[in-house]
Amino acid sequence: MEGAAGEAVISILPVLATFLPIISAVPIYFAGRYGGQFTERLALGASALTVALVALMYPPISQGAAVISGRGFFAFPGAFSFYVDTLGFFMALLFSFIWLVVTIYTPGYMAHGHNKSRFYAFHMVVLGGCLGTVLAGDLLGLFLFFELMSVLSYVLIIHEETPEAMAGGAKYLYMTIAGGLGLFLGVIITYHLAGTGSLHAGPLVNAPGRLATLGFMGFLVGFGMKAGMFPLHVWLPDAHPVAPAPASALLSGIMIKTGAYGLIRVYFGVFGASFAYQMRWNDILLVIAAITMLLGSAAALRQDELKRRLAYSSIAQIGYVLTGIALLGERALVGALYHVFTHAFMKGCLFLVAGAIIHETGKKMVSQMDGIGRQMPVSMGCFTLAAASMVGIPPLNGFLSKWNLALGALDASQPLVVGLLVLSSMLNAAYYFPIVVAAFFKGEHPGCKAHEAPRSMLVPMAILAVGCVIFAVLPFNWPLELARAAVRQVLP
């Protein structure tokens, strides 16, 4: 495929990348009767092939061209199509790669688990939903795939089928349905006002009115709920601790980012930055982002359960992304996108390490982690790298995203936001570094006898940990440059 800047290249790749994981769920589910290894290999093969299909779209994307499906799907009540620009490609490549890494990790974690074929089948369908969300060229397709991902991820959350899992899953499902209704309202109003839902035809709605405001609020609720935005975040701290570690890593590292992606499309594609600024909708999101950032960090400080602490940290981190969107500037949005990228590596690694600790020791509480770094040095070394990047220690990737966010805040004459970023980073250090200190420098907790996680779990954790640093120290930071190219297309 080739394409010049501004042109569109017709290709079947977006269709294949989206539907391959969904279709593969059928043989994966029924392969369980032939043994768990067969199921695992099918899931791993489908995940790897999906990454390859997404990567094959890079040549035209690198030339500034879009990749489109060339035809519509589901003509009633309206057709949707695929349209992949740099932003969609950036998200799809990140999503599919992290999904592959987690798929490699999962067999070791679930070696003695139950209903593995069910888990892997829904694992793949949800991947298809995530990819369809970011590769869809219009609001109808985005809505359909977003709802597919949101509803079916419930099965991943309740996989353990404990009372706590069922309760956390129920809260998630109820809020997902409510968020879906809000999103549906925004989509319907947009089609009514604009006559189209194309995400690439310039701002669709730019006339003030009650319907426009109602549509915006519907989008804010629908996408904000999935992102874990205050005050719609209440499902997240209950869902993460009860879900299996692979599902937690994907919930935090990938799925909440679909909400952030939706808000980027709303602010810059549906309404446009100028209209959002005129209506002061960016101020609304900026206030919510600041509360989300500080509330998540403050709540994380009070959590003794490791996965619950990580869950509240995810709420705080999504505050950074929302801040970058709300500032409506180039460098701020670059910081937001790069934080989407680096947070997927950081938080994915942290949740996988938490899963390894639970798998090897059964310990779930931070207060039980004394000395565990000497028993599981590689796992806790990965945890330390990811935590340091989360705090924003230079030259790690987390520092780069916060640096760009701070520059974007100054561009928007919002120096207070820089102070909030510094304060939040200090809070991050306050709830991450004590875990590292206790793990390596305190005596072993009584009764905590552990050995290192198996290699099948260590390799994925190491890949994500290395990803937290390598892009920041290489001469050419390809993900950061891709984020900049995406922002140049998104901004008017």
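The values are calculated or read from the model by the stated rules, or taken from the named source; none is laboratory data. Since we're looking at a predicted model, the values are computed, not measured. Glycine gets a Cβ as well: all are built from the backbone with ideal geometry, and neighbour counts include every protein chain shown. For accessibility, only protein heavy atoms count, side chains too; no ligands or nucleic acids. Shrake-Rupley method; radii C 1.70, N 1.55, O 1.52, S 1.80 Å.
A few points about this structure:
- Filter pass, GLY70 being modelled with pLDDT under 85, over 18 Å from PHE95 (Cβ atoms) and either open to solvent by 30 Å² or more (accessible area, probe 1.4 Å) or assigned to a helix (DSSP H, G or I) (or both): yes
- Residue among HIS240, HIS233 that alone is of a type outside the set (A, V, I, L, M, F, W, C), under 15 Å from the mean Cα position of the chain (by Cα) and open to solvent by 10 Å² or more (accessible area, probe 1.4 Å): HIS233
Yes/no per residue for (1) touching a strand residue (DSSP E or B) at 6+ places or on another chain (Cβ under 8 Å); (2) under 25 Å from ALA344 (Cβ atoms); (3) at pLDDT below 90:
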{"residue": "ASN397", "(1), (2), (3)": "no, yes, yes"}
{"residue": "ALA412", "(1), (2), (3)": "no, no, yes"}
{"residue": "VAL418", "(1), (2), (3)": "no, yes, no"}
{"residue": "LEU423", "(1), (2), (3)": "no, yes, no"}
{"residue": "ALA430", "(1), (2), (3)": "no, yes, no"}
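- Scanning the stretch 130-150 for residues that are out of contact with any strand residue (DSSP E or B) (no Cβ under 8 Å at 6 or more places or on another chain) and surrounded by fewer than 24 Cβ atoms within 10 Å (Cβ to Cβ) yields PHE143, GLU147, LEU148, MET149.
- Test: residue in the stretch 230-240 that is without any contact (Cβ under 8 Å) to a residue 24 or more places away in the chain and of a type in the set (D, E, K, R): no
- Filter result for the condition that a residue is of a type in the set (A, V, I, L, M) and under 18 Å from the mean Cα position of the chain (by Cα), over LEU204, LEU135: LEU135
- Residue check, LEU301 among the aliphatic types (A, V, I, L, M), crowded, with 22+ Cβ neighbours inside 10 Å and within 17 Å of ALA430 (Cβ to Cβ): no
- Against the list (1) surrounded by fewer than 20 Cβ atoms within 10 Å (Cβ to Cβ); (2) modelled with pLDDT under 90, the condition TYR109 fails is (1).
- Qualifying residue in the stretch 288-298 (condition: modelled with pLDDT of 90 or more, surrounded by fewer than 24 Cβ atoms within 10 Å (Cβ to Cβ), assigned to a helix (DSSP H, G or I) and of a type in the set (Val, Ile, Thr)): yes
- Per the listing PHE476, PHE441, the residue uniquely open to solvent by 70 Å² or more (accessible area, probe 1.4 Å) and either of a type in the set (Asp, Glu) or over 18 Å from PHE383 (Cα atoms) (or both) is PHE476.
- Cross-chain or 6+ apart pairs with Cβ under 7 Å, the stretch 284-312 first and among the aromatic types (Phe, Trp, Tyr), then open to solvent by 10 Å² or more (accessible area, probe 1.4 Å) and part of a helix (DSSP H, G or I): TYR312/ALA299
- The condition (being open to solvent by 10 Å² or more (accessible area, probe 1.4 Å), at pLDDT 90 or above and either among the aromatic types (Phe, Trp, Tyr) or not in a loop (DSSP other than H, G, I, E, B) (or both)) is satisfied by just one residue among PHE351, PHE341: PHE341.
- Any hit, the stretch 369-379, residues being under 23 Å from the mean Cα position of the chain (by Cα) and either more than 28 Å from THR323 (Cα to Cα) or assigned to a helix (DSSP H, G or I) (or both): yes
- Some residue of the stretch 448-456 being buried (at least 16 other Cβ atoms within 10 Å of the Cβ) and farther than 30 Å from ALA48 by Cα: yes
- Scan of the stretch 108-128 for residues that are without any contact (Cβ under 8 Å) to a residue 40 or more places away in the chain and assigned to a helix (DSSP H, G or I), ordered by number: none
- Count - residues of the stretch 129-158 that are of a type in the set (D, E, K, R) and outside any helix (DSSP H, G or I): 1
- Residue check, ALA356 farther than 29 Å from ALA485 by Cβ and surrounded by 24 or more Cβ atoms within 10 Å (Cβ to Cβ): yes
- Pairs are defined by a Cβ separation below 8 Å, a sequence spacing of at least 6 or placement on different chains, a first member in the stretch 35-62 that is within 17 Å of THR18 (Cβ to Cβ), and a second member that is outside any helix (DSSP H, G or I); the pairs so defined are LEU56/MET1; MET57/MET1; MET57/SER11; MET57/VAL67; MET57/VAL84; ILE61/VAL67; ILE61/VAL84; ILE61/ASP85.
- Among the residues making up the stretch 154-189, none is touching a Leu at 6+ places or on another chain (Cβ under 8 Å) and without any contact (Cβ under 8 Å) to a residue 12 or more places away in the chain.
- Out of ILE254, ILE264, sole residue that is in contact with a Cys (Cβ under 8 Å, 6 or more places away or on another chain) and of a type in the set (A, V, I, L, M, F, W, C): ILE254
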